[in-house]
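Take a look at the structure set out below.
The values are calculated or read from the model by the stated rules, or taken from the named source; none is laboratory data. All figures in this text were calculated on a predicted structure; none of them were measured in a lab. No Cβ is skipped: glycine too gets one built from the backbone with ideal geometry, and neighbour counts run over all protein chains shown. We work out accessible area using only protein heavy atoms, side chains counted, and drop any ligands, DNA or RNA first. Shrake-Rupley method; radii C 1.70, N 1.55, O 1.52, S 1.80 Å.
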Amino acid sequence: MTIERTKSPLKSAPLRVAGESLERQIEDLKHDEALAPVMLAIALIVLAALEWSRHLLRVDPAPWVFTAAALGAVGYAAWKWRRAVRSVKALKLGLAGERAVAQYLEWFRAKGFFVFHDVPSGDANIDHVLIGPRGLYAIETKTIAKPTRGDCKITVAADGIRANGRVLERNPIVQAKAQARWLHNFLREAGYAQYVQPVVVFPGWYVERFDMKALGVWVLEPKALDAFIEQEPESLTHDQVRSAALALSSYIRSQSRL
């Protein structure tokens, strides 16, 4: 079976974010200072228990039993390891994509927008939120590895989104609409009943044209977002923007735990 080679859709790595060095130190400490010693201690405790059971029960060594158990454990560990490596690779790609889009969205602050990232929304989260004079936007980032050569096209249809003809497992349109609906309901309960535009962005991919109005969602390459928002009328006053942003920021802080 031929494995298709892929690459990151990002042309360059995102800039470092605040606290990134501390974040890495925390992860290193978790592994080196906590997890590794605990695993070593558990392994030695198990070995000691086995030796004491043999000593107390006068049981002869049974290498074949333990060899079979060890081989089974090695096979299971290898399977879990491969799954973990694939998952971590996908998560790192997604993290890089979200950070790259987040850094691009920071430019909207100069246009009077408040910018939020990783907003808790019940059992999920909204990757990015823009609140400004030209409206409210709930943005979902989808970072998909690109083939090393050939087309990199996103095709949007009523039944889902395809990347080079392959249907995405989770329909981002459904996801983006659900996130926009959650944000609309939250702001309505806070006293700010405003329409929230759902947006899906695909860093590094070309999005073929489709009827966005009919589907009720924007699907774009991140850099096209500025042009789309500029076409929207200014529908919110400065005070309305600030009040909605304060309501959302208060909620986000209430959900955060150190």
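Side notes on the structure shown:
- Longest site-free stretch - the chain; sites: trypsin sites (Lys or Arg not before Pro), DSSP loop, at most 15 other Cβ within 10 Å: 59-148
- Computed from the Kirkwood radius of its Cα pairs, the Stokes-Einstein diffusion coefficient for the chain at 20 °C and 1.002 mPa s stands at 97 µm²/s.
- At q = 0.19 Å⁻¹, base-10 log of I(q)/I(0) for the range 148-217 (Debye sum, equal scatterers on each alpha carbon): -0.79
- In this structure, E106 and I45 have a Cβ-Cβ separation that, at R0 = 45 Å, corresponds to a calculated FRET efficiency of about 0.35.
- Protein heavy-atom accessible surface, 1.4 Å probe, per residue over the chain: 67 Å².
- Restricting the range 152-258 to chymotrypsin sites (Phe, Trp or Tyr not before Pro) that sit in a DSSP loop and have at most 16 other Cβ atoms within 10 Å of their own Cβ leaves Y195, F210.
- With helices as the sole contributors, the chain gives -15500 deg cm²/dmol at 222 nm; each DSSP H run of n ≥ 4 counts as -39500 (n - 2.57), and the sum is divided by every residue.
- Alpha carbon convex hull of the range 125-258, projected area averaged over orientations, nm²: 9.6 nm²
- Sorted largest first, the principal axis extents computed over the alpha-carbon atoms of the range 177-244 equal 38, 24, 21 Å.
- Accessible area of T148 in the full protein assembly, 1.4 Å probe (Å², nearest 10): 70 Å²
- C-alpha long axis of helix 238-255 to longest principal axis of the chain, angle in °: 10 degrees
- Heavy atoms of H184: accessible area, 1.4 Å probe, square angstrom to 10: 50 Å²
- Comparing G204, G72, G160 in a Gaussian network model of the chain (Cα springs below 10 Å), the most mobile by mean-square fluctuation is G72.
- Top of L56, L91, L71 by mean-square fluctuation, Gaussian network on the chain, Cα under 10 Å: L56
- Secondary structure note: in the chain, about 65% of the DSSP beta bridges are antiparallel.
- Exposed-site-free run, longest, the chain (rule: GluC sites (Glu not before Pro); DSSP loop; at most 12 other C-beta within 10 Å): 5-168
- Angle of helix 36-57 to the longest C-alpha principal axis of the chain, folded into 0 to 90 degrees and rounded to 10: 30°.
- GNM remark for the chain: springs join alpha carbons under 10 Å apart, and the peak mean-square fluctuation among P172, P63, P120 falls on P63.
- Counting only lysines at least 8 places from K142 when in the same chain, those with an alpha carbon closer than 18 Å to its own are K7, K11, K89, K92, K153, K177, K223.
- For the chain, the share of accessible area belonging to carbon and sulfur comes to 59 percent (1.4 Å probe, ligands and nucleic acids excluded).
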